[in-house]
Amino acid sequence: MQKPKMSIRPLLALALFPWLYACDGTPKEPESTAKNWQQTADGAVVELADGEFKRVRLQVIDNDIIRVTATPQTSFANLPDNLMVIAEPQKTEFSVAQSNGHLVIKTEEISAEVSLANGAVQFKDAQGEVLLAEAERSLAPVQNDPGPVDADSYGIRQQFQPLPDEAFYGLGQQQDGRVDYAGKNIELTTYNLEITIPYLVSSRNYGLLWNNNGITRLGDPQPPQPLSAAFELYDAEGNKGGLTARYYDGDELKVERAVADLDYQFLSHASVREIPLPEEVQDAKNLRIEWEGSISPKTSGEHEFKMYSSGYAKLSLNGELLLDRWRMNWNPWYHNAEVDLQANKKYPLSLDWTPQGGYFRLLQHAPLPAAEKQRLSFASDTGKAVDYYFVAGDSKDDVISGYRELTGKATMLPKWAFGFWQSRERYKSQDELLGALEEYRKRKIPIDNIVLDWSYWPQDAWGSHDFDSEHFPEPKAMVDRVHELNANIMISVWPKFYPTTEHYKTLNAKGCMFNKNIEEENLDWIGSGYLNSFYDAYNPECREIYWGQIRDKLNTLGFDAWWLDAVEPDIHSNLSFEHRKDLISPNALGTGAEVFNAYALPHAETVYKGERETDGHKRSFILTRSGFGGIQRTGSAIWSGDVVSRWSNLKEQIAAGVGVGMAGMPYWTFDIGGFTPEDRYRYNGDVTVGHYSQMDPAQQQEWQEINLRWFQFGAFTPLFRAHGQNPYREIYNVADEGSETYESMVWYTQLRYRLMPYIYTLAGDAHHKDGTMMRGLPMDFGGDPKVRDINTQYMFGPSLLVNPIYEYGARSRDVYLPASSDWYDFYSGKKYRGGQSIDAEAPYARMPLFVKAGSILPTGPAIQHTGESLNAPLTINVYAGADGSFEIYEDDGLSYGYENGQWSRIPLSYDDATGTLTIGERIGSFEGMAEKRQIKVRWITEGQSATDFDAEPAEAVEYNGEKLVLKKSA
């Protein structure tokens, strides 16, 4: 972050003669101890005589960013290339001084003090207050790497001692429903549903970027363990050693036996389980498994249960239902529950699991020792050194800005990306795709993007990038027709290849293919199954070949955006994580374990840069199923993977989006309605449901309601996108015109487009001001302790408090209105005092939405696509009750001119005491910008709604870029 520099002269003295000055710049005598440190051009290196670590290096990146690297080697030459961080140290003034056994490196904003005895570092702000202090730093043998393991690789751990009341946010996309990770066990990995961005933001306004590309754990440094590691187990009869497992086929009991670890978590290869089911039920048509008995903790405290499951699974403890989950069989994941338990006390446990061909294991984390639980701990399975960046700021926006300084600015996405998208798994022909888009235009429902998902290629030619000639006979004509309809088209492209394709052969000839998957004969799920594998995206030559293939086969057809799917990479689903690492080992950067979380970043970055070079006139845009630190610089958005159509999954997406935003990635979305529904929605006897009317009538109401509630939520996320397996997700397939469901979905789509001046400004701020669109409440109301861990509300930009409905049948919900502001109900205009919880109305057709007093909320006219918003008239909605300001950002929405100053802002400010709105002098310009704009002003006071968009305004003016002052009448 660029901030005003302090006077250079005294700092030059400090830098040139560090031994003459204490950390506050005052003269001091040299210490008598032998010097074990050396100043460098950007910081200092401390040599340690004792302990596992031999060198600690501190590098000043900027006034408020310091990198710390601790190595067990005598130099730093073995450190891998940095994938996330692209920043180089700035020409920052800093001092270095030895004082009282510490080396102090000090900038204008922060200081880092490192012990000359043991290398421990603590960070202080400009006033000398400790922000964070290191605790223990340790090495261990490399964990969970199938190898071969380098001699200079270790399992690494760094612990910190935060304040007791600190909260920690960010980390990317987790699926545990939490926003505050203080004291929690978090595994940073990559999976269909999980995206690691290893950036942590403290409630005390500092951040830590953990510079490691492998699996990392916060809290407990070990992976979750079987129940027997923390509990004594007793079967249903009270016998020690295991729980009673009963295997049923339908109602018929087939097997009963004591089992200590019901482990059906992974495949070994192909479709073979690591641990087979009992022979008696391997062919069961309606398998169900019960696991029953008692558990007795070995230690008292909070135990975390982690139920890895797909199919239907219910877990009860001591008569209380802890977890009730369903996931589609091919995509299991963890579901967590935390319970305080007393040592040596027996607790009845029961599990009921209907696998549906899925996977299961019940694991746990035992309580950590009290002192360790209070610490902040990062532990990585493998690494060359402890390596992290400390970022300080005056606000959480500052701290996120520091992350962007390190890892890259968020690019501007094309404006159309912020409109409505329609997608389906999948449009099986070009006629289906075009028919859907034409139906939206016919019904006058706004839309900007339609998506062609996977399997448009010949069945036996995945990776050919060819089109199935029977169902997609004229792909160029299809793309052209989409453009004629004033829409855009995104196409799904995988990093996956069948060995029979020419593209595979080209890549393989260069050593670019991960062929172990083929050697193991892990067939995919298409038809009878095909041999396949993924390419090495860690190799720059391979990436260039990959881009050239999709450029020549697909980009030439005029597609507008790329959907980079399965980029974890998901080479073969439901293998263990160690096996997945092995399948991508060796690679151009080392072992799979060393770079496990990072595949999506270089893959997306090469496509982004390649398209910029090929089609520099238009903004590249990518939707990627995984990401990593720095993904925001690649023209990409991320999404929450194949979530399911269940209320619990809907709820968890709120916290997932908050975590992504607070980790520094502004562009995020999800599958509205959930990707995979339960069979009760998908099938009705022999009928595969498309239109909702084909569904069992008993299921229709809940299906429509979950889609509507998810849709209302989706209208206030960075990207607004409907997608999923059948039933079909087009609005007119979810409900009939004239129904409350249909009309509400259309209304929220229209509202999204009315709000486009506001939404696109948030996007402009994401690039130009390092802004965050989907904002956890601690970002704006950090002084209010009640918002610390609110996980079902967030701010969409500075003005809108969004409160999704996530329970079936709910017609109200508890909403906390943060202190320090008054709030308006968006629909009724009713005004509320902040700092209180209310029971907010949530009628079926509306989601609770509140506007902060003092907000200036710009809206536009009714439009059918974002192309119609350029130079459109504006309505300025001013919410009285507090001072406020806003700058309306605009550019051409399509080009990279914004990088070269081709943009404008209309500054707005409101003085509540005088009731005065100032429309300031326009800042900047761009090609195609109208010199004059029609602007209407509405003054929103208590009882006035903003939703009557066509109501007569209080003021209507023509704005020519010069300052205007408007006053609200009494």
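Rule-based calculations on the coordinates, nothing more; no lab input. As the structure is a computational prediction, the values presented were derived from the model and not from experiment. Using ideal geometry, Cβ is built from the backbone for each residue, glycine included, and neighbour counts are taken over all protein chains shown.
Worth a mention:
- Here Ala126 and Val339 are evaluated by their C-beta separation; at R0 = 60 Å the FRET efficiency comes out at 0.85.
- Counting neighbouring beta carbons within 10 Å and listing from fewest to most, the residues Leu777, Leu368, Leu623 come out as Leu368, Leu777, Leu623.
- For the stretch 782-967, the fraction of alpha-carbon pairs lying more than 31 Å apart is 25 percent, rounded to a whole number.
- Cα lying deepest toward the dipole's positive end in the chain, options Gln342, Ile935, Gly629, charges on Cβ: Ile935
- Sequence-distant contacts, meaning Cα pairs under 8 Å at least 6 residues apart, place the relative contact order of the stretch 225-367 at 29 percent.
- Segment Thr506-Glu280, length gained on full extension (0.36 nm per residue, minus Cα span): 76.6 nm
- Contact order relative to length of the chain, as percent, for alpha carbon pairs under 8 angstrom and 6 or more apart: 10
- Theoretical FRET efficiency, 1/(1+(r/R0)^6), r = Cβ-Cβ of Ala370 and Ala477, R0 51 Å, to 0.05: 0.15
- Applying a threshold of 20 Å to the alpha-carbon distances of Lys444/Lys651; Lys516/Lys581; Lys106/Lys384; Lys298/Lys345 flags Lys444/Lys651; Lys106/Lys384 as lying beyond it.
- Ala810 paired with Asn239, simple spin-label distance in nm, labels 7 Å along Cα-to-beta-carbon: 4.6
- Ignoring lysines fewer than eight residues from Lys285 along the same chain, the ones with Cα atoms less than 23 angstrom from its Cα are Lys254, Lys314.
- FRET efficiency for the pair Tyr530 and Val687, taken as 1/(1 + (r/R0)^6) with r the Cβ-Cβ distance and R0 = 35 Å, rounds to 0.75.
- Cα centroid of the stretch 383-438 to Cα centroid of the stretch 789-809, whole Å: 20
- Relative contact order [Cα under 8 Å, 6+ residues apart], the stretch 443-510, whole percent: 41
- Label zone (Glu740, point 7 Å along Cα-to-C-beta; backbone nitrogen cut-off 17 Å) within the stretch 683-706: 699-706.
- Ranking of Ile400, Ile923, Ile584 by neighbouring Cβ atoms within 10 Å, starting from the fewest: Ile923, Ile584, Ile400.
- The stretch 511-557: C-alpha gyration tensor shape, a/c 1.5 cut-off, then a/b vs b/c: oblate
- Centre-to-centre separation between the Cα atoms of the stretch 888-920 and those of the stretch 486-562: 43 Å.
- About the Cα centre, charge dipole magnitude for the stretch 782-967 (Lys/Arg +1, Asp/Glu -1 at Cβ), debye: 460
- In this simple spin-label approximation, Ala819 and Asn900 carry label points 7 Å from Cα along the Cα→Cβ vector, and these lie 5.1 nm apart.
- Under 17 Å from the Cα of Lys184 - aspartates and glutamates, other chains or at least 8 residues apart: Asp165, Glu166, Asp176, Glu194, Asp220, Glu302, Glu304, Glu338, Asp340, Glu372, Glu652, Asp789
- With a simple spin-label model that places each label point 7 Å from the Cα along the Cα-to-Cβ direction, the separation between Ala77 and Thr354 comes to 6.4 nm.
- Shown in residue order for the stretch 292-301 are the 3J(HN,Hα) couplings computed by the Karplus curve 6.51 cos²θ - 1.76 cosθ + 1.60 at θ = phi - 60°: 9, x, 9, 10, 10, x, 7, 9, 8, x Hz (x for Gly and Pro).
- Under 12 Å, Cβ to Cβ, from Arg905 - net charge with Lys/Arg +1 and Asp/Glu -1: -3
- Extended-chain gain in nm, criterion 0.36 nm per residue less alpha-carbon gap, Lys769 and Ile86: 244.0 nm
- Cα shape, the stretch 327-444, gyration tensor, a/c 1.5 rule: oblate
- Label corresponding to Cα Rg over 2.2 N^0.38 Å when calculated from the structure given, among (1) 0.95; (2) 1.32; (3) 1.05: (1)
- Cα-based reach from Lys968 at 22 Å (exclusive), listing lysines while leaving out same-chain residues under 8 positions away: Lys830, Lys831, Lys852, Lys936
- Full-stretch length increase - His617, Ser576 - with 0.36 nm per residue and alpha-carbon distance subtracted: 10.4 nm
- Estimated dipole of the stretch 745-809 in Debye, rounded to 20 [Cβ of Lys and Arg +1, of Asp and Glu -1, Cα centre]: 160
- Taking other Cβ atoms within 10 Å as a rough exposure proxy, Ile445, Ile86, Ile876 sort from fewest to most as Ile86, Ile445, Ile876.
- The Cα atoms of the stretch 118-230 give a gyration tensor whose axes a ≥ b ≥ c have a/c of 1.5 or more with a/b no greater than b/c, which makes the shape oblate.
- Estimated [θ] at 222 nm from DSSP helical runs (n ≥ 4, -39500 (n - 2.57)) normalised by residues in the chain, nearest 500: -5000 deg cm²/dmol
- Note on the chain: with charges restricted to the Cβ of Lys and Arg (+1) and Asp and Glu (-1), its dipole about the Cα centre is near 1580 debye.
- Under-5 Å amide H pairs with Trp668, H placed in peptide plane, nonlocal only: Ile638, Leu719
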